Amino acid sequence: MNDFLCPKCGDHLRVGENLILKIKNSNKQNALLLLSPQVGNYSSIRHPEFEIRKGELLEFYCPLCGTSLKSDIHENLVHVILKDENKNNFDVYFSRIAGEHSTYETKGDLIHVAGEDAGRYTYFKIGDRYKKYF
């Protein structure tokens, strides 16, 4: 079973069938967001009173240490670590723009791209000869 870790504190972010993150919307409201642990599955669960507008830039935080999960490679991306069943670690980046479907699972020169909006981030636009899928 794949696990997810905070890149800052290394603590586990997956509980059962959910990746659990703290989020903040543009109205400065906080909530917990439950995401599917499947890369490319964009289903989520949140409290029904927590408003998210399509196109809104959300803030993501580790629910354990409180550190921002904003990626260093692009301000619109979140960064977490995926640890597979063989104990291999992969960097996973996904969009923090509500409704934008772009996810990148990377390790060295290997990249798995998911989502219809994945072409928006040039950092991950590598030549086809280097693009490999897990």
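The values are calculated or read from the model by the stated rules, or taken from the named source; none is laboratory data. Treat the numbers as computed from the prediction; the structure is a model and nothing was measured. Cβ atoms come from the backbone with ideal geometry, glycine included; neighbour counts cover every protein chain shown.
Observations, loosely collected:
- Output for region 49-72, where each listed residue is on the phi < 0 side of the Ramachandran plot, touching a residue at least 24 places away in the same chain (Cβ under 8 Å) and over 13 Å from the mean Cα position of the chain (by Cα): Phe50, Glu51, Ile52, Arg53, Lys54, Glu56, Leu57, Pro63, Leu64, Cys65, Thr67
- Which listed residue, of Phe124, Phe94, is under 27 Å from Lys54 (Cβ atoms) and modelled with pLDDT under 80: Phe124
- Just one of the numbered conditions (1) at pLDDT below 95; (2) on the phi < 0 side of the Ramachandran plot is not true of Leu34: (1).
- Among the candidates Lys54, Lys24, Lys28, Lys8, the residue that is more than 17 Å from Thr103 (Cβ to Cβ) and touching a Gly at 6+ places or on another chain (Cβ under 6 Å) is uniquely Lys54.
- Within region 18-32, considering residues that are touching a Lys or Arg at 6+ places or on another chain (Cβ under 9 Å) and free of Cβ contacts under 8 Å to residues at least 24 places away in the same chain, the one surrounded by the most Cβ atoms within 10 Å (Cβ to Cβ): Ala31
- Enumeration of residues in region 1-25 that are more than 14 Å from Ser68 (Cα to Cα), among the polar types (S, T, N, Q) and part of a loop (DSSP other than H, G, I, E, B): Asn2
- Applying the set (1) over 23 Å from Arg120 (Cβ atoms); (2) surrounded by 15 or more Cβ atoms within 10 Å (Cβ to Cβ); (3) free of Cβ contacts under 8 Å to residues at least 12 places away in the same chain to Cys6 leaves exactly one unmet item: (3).
- Inter-residue pairs, beta-carbon under 6 Å, first within 15 Å of Pro7 (Cβ to Cβ) and in region 93-111, second in a strand (DSSP E or B) and among the acidic types (Asp, Glu), 6+ apart: Thr106/Asp91
- Region 112-121 - residue that is part of a loop (DSSP other than H, G, I, E, B) and without any contact (Cβ under 8 Å) to a residue 24 or more places away in the chain and, of those, farthest from Lys54 (Cα to Cα): Glu116
- You will find that of Val78, Val15, the residue that is modelled with pLDDT of 95 or more, buried (at least 18 other Cβ atoms within 10 Å of the Cβ) and either closer than 27 Å to Phe90 by Cβ or not hydrophobic (A, V, I, L, M, F, W, C) (or both) is Val78 and no other.
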